Amino acid sequence: MAPEKMVHMANQIAVFFRSQPGDDQAERVAAHIKDFWEPRMREQLRAYIADGGEGLDDLVHRAALSL
Amino acid sequence: MTATMGLDDRDMGTPAREGAPVRLTIDGFSVTVPAGTSVMRAAAEVGLSVPKLCATDSLEAFGSCRLCVVEIDGRRGTPASCTTPVTDGMVVHTQSERVRKIRKGVMELYVSDHPLDCLTCAANGDCELQDMAGAVGLRDVRYTPGENHYDPSGTGARSQAEARLRMPEGEANPRYIAKDASNPYFTYDPSKCIVCSRCVRACEEVQGTFALTIEGRGFDSRVKAGAASDDFFSSDCVSCGACVQACPTATLQEKSVAALGTPTRSVVTTCAYCGVGCSFKAELAGDTLVRMEPYKHGKANRGHSCVKGRFAYGYASHKDRILSPMIRDSVDEPWREVSWDEALTFAAGRLRAIQERYGQKSIGVITSSRCTNEETFLVQKLARAVFGNNNTDTCARVCHSPTGYGLGQTFGTSAGTQDFDSVEHTDTVIVIGANPTDGHPVFASRLKKRLRAGAKLIVIDPRRIDLVRSAHVEAAHHLPLRPGTNVAVVTAMAHVIVTERLYDEAFIRARCDWDEFLHFAEFVSDPARGPEETEALTGVPAADLRAAARLYATGGNGAIYYGLGVTEHSQGSTTVMGIANLAMLTGNIGRPGVGVNPLRGQNNVQGSCDMGSFPHELPGYRHVKNADVRAIFEAAWGVPIDPEPGLRIPNMLDAAVGGTFKGLYCQGEDILQSDPDTKHVASGLAAMECVIVHDLFLNETANYAHVFLPGSTFLEKDGTFTNAERRINRVREVMKPRNGYADWEVTQRLANAMGAGWSYTHPAEIMAEIAATTPSFAGVSYELLDEKGSVQWPVGDASPEGTPIMHVDSFVRGRGRFIVTDYVATDERTGARFPLLLTTGRILSQYNVGAQTRRTENVAWHEEDRLEIHPHDAEVRGIEDGDWVKLTSRAGETSMRALLTDRVGPGVVYTTFHHPRTQANVITTDFSDWATNCPEYKVTAVQVGLSNGPTDWQEDYTAQAERSRRIIAAE
């Protein structure tokens, strides 16, 4: 998948969970990505983050720690 | 032979009533019926049919024909039994000498103005006038032909055959009106009309269009469609067929019956068009389908139909249908017709070779929301048990996947909460992002009936859809929001309900999580989320929104019906949750007349989702990560199930472009035409090494396919569909598959060519496997369906006959969950380059990508997609009605002709996507719902300008499609 598209999709998820109550937003972003993203998409996200993760929402960065 | 499942299919004369029992005696027989029942219906209940012409049980009694007169002890005269309600102790005589004489006289008068052409009449054998002439013993007509409507020659001929022989030159009968054959499917022959008004009443009461009227008085009375200058086709008639069905004579007659003769057998089955899931009697002579007639015991449609289900079945026998399997090594070659064995061996070999080279997860399937539950179940089983991965998705991805997520999160299950009958108990209806009169016409008719009876309507839609104002229906509020602002509007409604304290605290405390409610209430109460603050971005006047919210919260039973205008957005799932919030806030859940009701686009969207088509869920909406769920299927199938979610359709295409997804089995879906960003879909398909298309026609996707497996129509197989009310309804084999195999057999053969060893001999066995593995279907069997007609899931020990209304005492997830719905603007924004917003939708006569309806006479109503544009936006661009215009977005460009209309507001344009040449999805982008990847079809920033005709891309596409459809026939 084009990196911009992946960043856009991941950030959309982060934006939703940021609006939710509680202090576990990063965990919920991670859980959503685990539940709905196929492993190779998650692998692409992890590799992108390892590469600096430019443009990704901070919540996605934090979520990636538990992916 | 009629498969009516033991139900009485007779015409009882007048509608059923509910009421206290009333006991009476008819011709010596004692009968007990509900209060309000007519004497006619009571007689029918004991098997005594009173002669009748103007009465039929789909319509309220009218009392005009005077044929149903009876005598009642203690009453004077001879009252009409259709309009006389029963009373306790009444003693009725239906066959006295006096009434016999009256009836005979009435019939003699009717027949004196009716041609005696019975033997050559299209209604011969299916004519109530003929039947009644027999029933009353009419043996002669004493009146000589005088002034009449039937004799074109005006020479006193008794029959039209005789009139043609006598036809004078120049002179004729001025009262005679020739047959109107303007409708593609039925004719109107005024010369055979007995002016019983059944057609006019059906158009009003059942369909709710009011296209027909009785013109003139007395002997001059004639049925008329539309205004003086109209014929049936140019009138408001929507060709639903209700008038034709109601007509007792050949006056309104299907052309198919006229051409083929009366049918000799009928089979009850389920329509394969929209998610209403109407029951029909398929009426046949041998294996020739003569007519589809709506089945009055169908619980979704209650005897009504629309132009698609009733008439648009010609695609099943269209010359374009492909009946032989075909293969080719590469997509630039012509197709080669081959045997089934060769095609399946070729396909299986390629798929296995791809897996060996690129890995187990390099291939996948797309199940069809048009195929049966059983077929869908097998296709996802093919991926999970034979391919060994979860790469299965379905066209519901691109329509209602946000419904699955949103309702799952809030209520605990992915389904509408009501049955369609529920609308009869509704007081206030919100229709949001749906256009039922076009997309779900039979439900729309039921809704309009309720609106005419006084229920209030709120329409939330960028377009002024027909429901906003049409015959005898007017929305109390139309909130014409800017596309993409659903969440802001729904949240603002919650703001009004919470801040004005219109919420149902008792319901919320009893049924929902109170802490989550408090948080939600605080969130929505922020003035920034109120209608005044959001008006500038939504375009909805704050006062209107406030009034609409108050009406929904306080107007009695409130029901929400929504469609793809809700789901197909970047925030589709959020809007679904917002809708669920509104229902919980107001306590509109868990009883008749309320609820949250997704209107499903295709016939089996609900079923395909139920059957585990999504890559993260096994059948019954259970995540693949759950070991206990996997264990059920691992035990049943004897293979391990992958615990990781698979690829969704857009992800498959991305992975294909990326080189890791190489093979696809696509059953009954045309992703190249229906999915967004056509160029991206085409690149994905082109990058695959084995695309198997299993379909009726060489669809657009097949341009990129290597294997074509011919499909069977819904008329040619057994199975079940599950409609938008969770109603599981039987699809029955009406005729043998023209391609040789039902679709479930084809999937089984493909699986077996890959070594699966499946041995199903009938879809009932597949349903047994579904029931054994999926709790919501635990009690479902073909025996139960044959007995009950249909059932709504869940069906199990707790609800052995199904569940018409969900969440009655508690939510499926326990406590209802309020979820904060923060509005986030889509990144698809207008600007200087693309200043207009395009939104897309459907039209009544066409269905989805049009593969079926374009191959029927329905094209008479809609032969091309048009771009609806507001006159103001057109004027500044120099565009006039009918001009070719080019539509450009950041994804691509296409062209079509413009239709100037103020149904869309300034700044918004609208089109349908029924025709491949238009390629509306060249324009749509790859933005999608945050939770589910459901594409954002409903918002695309575009520019519109004059053009000379089709774009280069359209011309190239058409040429490529033609090249790709070359076929070398088998020897």
Matching residues in region B:925-952 (touching a helix residue (DSSP H, G or I) at 6+ places or on another chain (Cβ under 9 Å) and either within 14 Å of chain A (Cβ to nearest Cβ) or under 19 Å from B:Arg842 (Cα atoms) (or both)) number 13
Those residues of region B:125-166 that are part of a loop (DSSP other than H, G, I, E, B), crowded, with 16+ Cβ neighbours inside 10 Å and not acidic (Asp, Glu) come to a total of 15
Residue count, region B:443-456, condition without any contact (Cβ under 8 Å) to a residue 40 or more places away in the chain, out of contact with any Ser or Thr (no Cβ under 8 Å at 6 or more places or on another chain) and not in a loop (DSSP other than H, G, I, E, B), comes to 1
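For every residue, the table says whether it meets (1) surrounded by fewer than 24 Cβ atoms within 10 Å (Cβ to Cβ); (2) in a helix (DSSP H, G or I); (3) within 14 Å of chain A (Cβ to nearest Cβ).
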| residue | (1), (2), (3) |
| --- | --- |
| B:Arg336 | yes, no, no |
| B:Leu351 | no, yes, no |
| B:Glu356 | yes, yes, no |
| B:Ile366 | no, no, no |
Condition set assigned to a loop (DSSP other than H, G, I, E, B) and on the phi < 0 side of the Ramachandran plot, scope region B:662-679, selection farthest from the other protein chains (Cβ to nearest Cβ): answer is B:Asp670
Q) B:Ala825: within 14 Å of chain A (Cβ to nearest Cβ), part of a loop (DSSP other than H, G, I, E, B) and of a type in the set (Gly, Ala, Ser), yes or no? A) yes
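Per-residue answers, yes or no, for (1) surrounded by fewer than 17 Cβ atoms within 10 Å (Cβ to Cβ); (2) without any contact (Cβ under 8 Å) to a residue 12 or more places away in the chain; (3) closer than 22 Å to B:Ser362 by Cβ:
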{"site": "A:Gln20", "(1), (2), (3)": "yes, yes, no"}
{"site": "A:Trp37", "(1), (2), (3)": "no, yes, yes"}
{"site": "A:Gln44", "(1), (2), (3)": "no, no, yes"}
{"site": "A:Asp57", "(1), (2), (3)": "no, no, no"}
{"site": "A:His61", "(1), (2), (3)": "yes, no, no"}
Selection from region B:593-636 of residues more than 14 Å from chain A (Cβ to nearest Cβ) and among the hydroxyl-bearing types (Ser, Thr, Tyr) yields B:Ser608, B:Ser613
Every listed condition ((1) under 29 Å from the mean Cα position of the chain (by Cα); (2) in contact (Cβ under 8 Å) with a residue 24 or more places away in the chain) holds for B:Arg622 save (2)
Taking the criterion of being assigned to a helix (DSSP H, G or I), at pLDDT 95 or above and within 14 Å of chain A (Cβ to nearest Cβ), would at least one residue in region B:696-713 satisfy it? no
Residues of region A:34-61 being more than 10 Å from every other protein chain (Cβ to nearest Cβ) and either part of a loop (DSSP other than H, G, I, E, B) or under 19 Å from B:His623 (Cβ atoms) (or both), in sequence order, are A:Asp51, A:Gly52, A:Gly53, A:Glu54, A:Gly55, A:Leu56, A:Asp57
Considering region B:810-845, residues that are touching an Asp or Glu at 6+ places or on another chain (Cβ under 6 Å) and assigned by TED's automatic domain parsing to the domain that holds B:Glu863, and then whichever is farthest from B:His870 (Cα to Cα), we arrive at B:Leu844
Counting only residues in region B:386-400 that are assigned to a helix (DSSP H, G or I) and away from chain A (no Cβ under 14 Å), the one farthest from B:Ile366 (Cα to Cα) is identified as B:Val386
Among B:Thr376, B:Thr345, the single one that is crowded, with 24+ Cβ neighbours inside 10 Å, β-branched (Val, Ile, Thr) and part of a helix (DSSP H, G or I) is B:Thr376
B:Gly408: passes all of (1) of a type outside the set (A, V, I, L, M); (2) surrounded by fewer than 24 Cβ atoms within 10 Å (Cβ to Cβ); (3) under 28 Å from B:Arg328 (Cβ atoms) but (3)
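Results for (1) part of a loop (DSSP other than H, G, I, E, B); (2) of a type outside the set (S, T, N, Q), shown as yes or no for each residue.
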site	(1), (2)
B:Leu582	no, yes
B:Phe614	yes, yes
B:Lys625	yes, yes
B:Thr660	yes, no
Taking region B:813-870 and keeping residues within 30 Å of the chain's Cα centre (by Cα), surrounded by fewer than 19 Cβ atoms within 10 Å (Cβ to Cβ) and at pLDDT 90 or above leaves B:Arg813, B:Glu857, B:Val859, B:Ala860, B:Trp861
Counting only residues that are closer than 30 Å to B:Phe420 by Cβ and among the charged types (D, E, K, R), region B:518-572 contains a total of 3
Note: among B:Cys243, B:Cys274, B:Cys237, just one is within 30 Å of B:Ala434 (Cα to Cα) and assigned to a helix (DSSP H, G or I), namely B:Cys243
In region B:70-95, anything closer than 25 Å to B:Gln245 by Cα and in a strand (DSSP E or B) is listed as B:Ala80
Inside region B:714-752, the number of residues satisfying the requirement of being assigned to a loop (DSSP other than H, G, I, E, B) and crowded, with 24+ Cβ neighbours inside 10 Å is 7
Residues of region B:612-638 being surrounded by fewer than 13 Cβ atoms within 10 Å (Cβ to Cβ) and of a type in the set (A, V, I, L, M, F, W, C), in sequence order, are B:Ala627, B:Ala631, B:Ala635
For helices (runs of 4 or more DSSP H) lying entirely in region B:479-529, having 1 or more residues that are within 14 Å of another protein chain (Cβ to nearest Cβ) and under 29 Å from the mean Cα position of the chain (by Cα) picks out B:486-499
In the set B:Asn699, B:Asn729, the lone residue that is closer than 16 Å to B:Ile649 by Cβ, within 22 Å of the chain's Cα centre (by Cα) and either in contact (Cβ under 8 Å) with a residue 12 or more places away in the chain or not assigned by TED's automatic domain parsing to the domain that holds B:Glu783 (or both) is B:Asn699
Residue check for B:Phe507: of a type in the set (Phe, Trp, Tyr) and surrounded by fewer than 24 Cβ atoms within 10 Å (Cβ to Cβ): yes
Can you find a residue that is of a type in the set (Lys, Arg), assigned to a loop (DSSP other than H, G, I, E, B) and more than 22 Å from B:Glu293 (Cβ to Cβ) anywhere in region B:54-69? yes
| Quick one: would you say B:Arg464 is without any contact (Cβ under 8 Å) to a residue 12 or more places away in the chain, within 30 Å of B:Val200 (Cα to Cα), away from chain A (no Cβ under 14 Å) and surrounded by fewer than 18 Cβ atoms within 10 Å (Cβ to Cβ)? | no
Being surrounded by fewer than 23 Cβ atoms within 10 Å (Cβ to Cβ) and in contact with a Leu (Cβ under 8 Å, 6 or more places away or on another chain) narrows B:Glu962, B:Glu880 down to just B:Glu880
B:Ala631 passes all but one of the listed conditions (1) under 24 Å from B:Ala771 (Cβ atoms); (2) of a type outside the set (Lys, Arg); (3) under 25 Å from the mean Cα position of the chain (by Cα); the exception is number (3)
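The values are calculated or read from the model by the stated rules, or taken from the named source; none is laboratory data. Treat the numbers as computed from the prediction; the structure is a model and nothing was measured. With ideal geometry, Cβ positions are generated from the backbone for all residues, glycine too; neighbour counts draw on all protein chains shown.
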